[in-house]
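Participant: For reference, the structure I am asking about is given below.
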Amino acid sequence: MLMLAHKLGDWRGGSGPLYARLADALRAAIQRGDLAAGSRLPSERVLVRRLAVSRTTVVQALALLRDLGLVESVRGSGTSVSRRAGPHWAAGVREAPARSALADHVFRTATEAAADAIGFLAATFPADDTSIAADWRSIADELPELLAGNGYSPTGAPALRDAIAAHCARWGVPTTPEQILVTSGAQQAVHLLAAFFVRAGHAVALEEPTYLGAIDAFAAAGARLVSFPVGPAGLDVELVRRGLTRAAPSLLYVMPTSQNPTGSVLSESTRLALAALAEETGVPIVEDHTLSDLAFGPTPPPIAAFTTRGTVLLVGSMSKVFWGGLRVGWVRGPQPLIERLARLKIACDLGGSAPMHALATRLLRRADEFIASRRRRARAGYEHLAAELARRLPAWTWERPHGGLCLWAQLPSGKSTDFAVVAASHGVAVVPGTAHSPSGDDRGRLRLPFVLPHDQLSEGVARLSRAWAEFTRQSVPAERRLGVVV
Ligand SMILES: Cc1ncc(COP(=O)(O)O)c(C=O)c1O
């Protein structure tokens with residue numbers, strides 16, 4: 001079930017008395033079917049605490065909804081959404097997944113950060129410092145040829161599949177274009193793989209911490225999430241072996257290079273061992289290389305390079321080196337499996353956008369140039385952020401990332417969710433570590449991307465240090481705890 005705070009969204013904005021705004025948000029959630037007909041609302045006491053409002057506000061809001069016939073209260077058993085309330089279509093609709101890391105993230109951005117907040121949120125660069133605008137204009141030359149066809153290419157434009165296959169080969173995995181399915185970003189690749197491999201209630205094995213969009217994709221497929229800690233040295237293969245044997249997951253999802261959020265890189269021997277595990281256990285491995293080109297040094301080839309018998313699906317993306325707005329990613333795998341995945345993609349969207357594929361093809365042919373410039377920018381961003389943190393927040397610690405776009409900071413004490421609330425009140429939006437945790441554990445970690453311009457990174461850290469001073473001075477009063485963790 002989605003958390004109540006998600007269901008209500010940004011209900012405090014707008015005009016009119018607070019109780020009317022709360023009633024309005026509850027009414028809208030009932031009409032969307034987010035609060036199902038017949039479902040029990042939390043008690044008044046719990047609502048007061050979780051929504052950080054007075055008891056009068058809750059009582060008046062519920063009275064208003066009662067008058068509208070949307071909720072019913074029975075003495076001794078609390079308040080429920082009326083059985084007649086809610087849309088007809090909601091009756092047969094599957095509940096939203098138990099948790100949504102992206103919803104946490106988006107929700108928090110939308111509701112807690114002030115308009116002028118510094119956002120340590122997205123780990124991706126804008127592309128205004130690249131030649132993409134010029135490449136875009138030159139696509140016009142290709143338009144007559146493009147427009148002469150019907151525009152559909154469910155597996156991806158042939159020239160783009162060629163270029164991606166060549167890119168995978170540069171990573172050390174010889175690849176034919178038939179082994180490539182072009183997707184709408186790596187996110188769709190992970191989603192399709194989840195839809196293909198995962199049955200509701202079955203386990204999926206992930207790293208702890210992991211990419212929050214992967215948590216979403218697997219949770220949406222109804223997976224039970226099991227996780228293995230990933231430290232600076234990567235994964236403990238013995239632990240993974242025992243976990244795979246015990247949990248028999250539908251798949252193992254890993255990021256061998258520039259892991260998001262830790263920035264770790266798996267050694268060649270670990271990759272070899274994981275490839276052997278895929279062969280031994282039959283568990284498919286999804287290796288997400290979305291951030292691979294942003295490693296700070298040389299890296300071993302992907303796991304897929306070390307096995308032909310094990311099932312290893314390699315996921316990639318153009319979002320981090322080129323631009324997220326292209327929405328171009330891919331899955332590389334055995335051709336028959338790619339054909340099966342293509343059917344799922346067809347059911348989803350009939351294929352990607354032909355002009356974007358044409359643009360992506362051009363860009364990918366000049367990948368080296370883009371990669372070199374993005375690596376420089378990422379490194380400089382890291383060095384700047386690290387220096388600012390060392391200066392202003394000397395008690396915070398972190399392992400130097402080996403790549404990627406994030407610094408995975410450890411608070412010396414306290415919960416990251418509590419600190420995120422205080423940070424928001426100081427005009428800085430941060431993603432608490434819990435959003436990256438398949439188990440939802442709060443170990444006082446924060447993900448700090450270093451993609452912002454340096455002056456904003458400096459200002460962001462200055463605000464974080466003011467927030468930290470307040471956080472350590474006082475324990476967080478209950479009513480200011482994050483709504484999203486209800
Ligand atoms: C590891 C990882 N996988 C997938 C994605 C999604 O990327 P895309 O924009 O290609 O959908 C991201 C984006 O942050 C990511 O970090």
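The values are calculated or read from the model by the stated rules, or taken from the named source; none is laboratory data. Keep in mind that what you see is a predicted model, and the values were worked out from it rather than measured. Glycine gets a Cβ as well: all are built from the backbone with ideal geometry, and neighbour counts include every protein chain shown. All accessible areas refer to the heavy atoms of the entire protein, side chains included, with ligands and DNA or RNA removed. Shrake-Rupley method; radii C 1.70, N 1.55, O 1.52, S 1.80 Å.
Participant: For region 427-457, how many residues meet the condition of being under 22 Å from residue 375 (Cα atoms), open to solvent by 30 Å² or more (accessible area, probe 1.4 Å) and not in a loop (DSSP other than H, G, I, E, B)?
Facilitator: So the count comes out to 3.
Participant: Would you confirm whether or not region 239-250 contains a residue that is within 16 Å of the ligand (Cβ to nearest atom), open to solvent by 10 Å² or more (accessible area, probe 1.4 Å) and part of a loop (DSSP other than H, G, I, E, B)?
Facilitator: Within region 239-250 (the criterion being within 16 Å of the ligand (Cβ to nearest atom), open to solvent by 10 Å² or more (accessible area, probe 1.4 Å) and part of a loop (DSSP other than H, G, I, E, B)), the answer is no, since none of the residues qualifies.
Participant: Select from region 178-218 the residues that are assigned to a helix (DSSP H, G or I) and away from the ligand (no atom under 15 Å from the Cβ) and write down the one among them that is nearest to residue 340 (Cα to Cα).
Facilitator: 196
Participant: Of all the residues that make up region 284-320, how many are aliphatic (A, V, I, L, M) and either at positive phi or surrounded by fewer than 23 Cβ atoms within 10 Å (Cβ to Cβ) (or both)?
Facilitator: Qualifying residue count for the region: 2.
Participant: Scan region 24-42 and give yes if some residue there is basic (Lys, Arg), in a helix (DSSP H, G or I) and crowded, with 19+ Cβ neighbours inside 10 Å, otherwise no.
Facilitator: Scanning region 24-42 turns up no residue that is basic (Lys, Arg), in a helix (DSSP H, G or I) and crowded, with 19+ Cβ neighbours inside 10 Å.
Participant: In region 2-17, how many residues are open to solvent by 60 Å² or more (accessible area, probe 1.4 Å) and either within 13 Å of residue 81 (Cβ to Cβ) or at pLDDT 85 or above (or both)?
Facilitator: Looking only at that region, the number is 1.
Participant: Name the residues in region 19-40 that are in contact (Cβ under 8 Å) with a residue 24 or more places away in the chain and farther than 11 Å from residue 62 by Cα, would you?
Facilitator: Those that are in contact (Cβ under 8 Å) with a residue 24 or more places away in the chain and farther than 11 Å from residue 62 by Cα: 30, 31, 32, 33, 34, 35, 36, 37, 38, 39, 40.
Participant: Where residues in region 323-340 are farther than 14 Å from residue 177 by Cα and open to solvent by 10 Å² or more (accessible area, probe 1.4 Å), which of them is nearest to the chain's Cα centre (by Cα)?
Facilitator: Among those that are farther than 14 Å from residue 177 by Cα and open to solvent by 10 Å² or more (accessible area, probe 1.4 Å), it is 324.
Participant: Mind counting the residues in region 266-282 that are under 17 Å from residue 297 (Cβ atoms) and touching a Phe, Trp or Tyr at 6+ places or on another chain (Cβ under 9 Å)?
Facilitator: 2
Participant: Specify which of the listed residues (226, 254) is open to solvent by less than 30 Å² (accessible area, probe 1.4 Å) and either in contact (Cβ under 8 Å) with a residue 12 or more places away in the chain or among the hydrophobic types (A, V, I, L, M, F, W, C) (or both).
Facilitator: Criteria check complete, one pass: 254.
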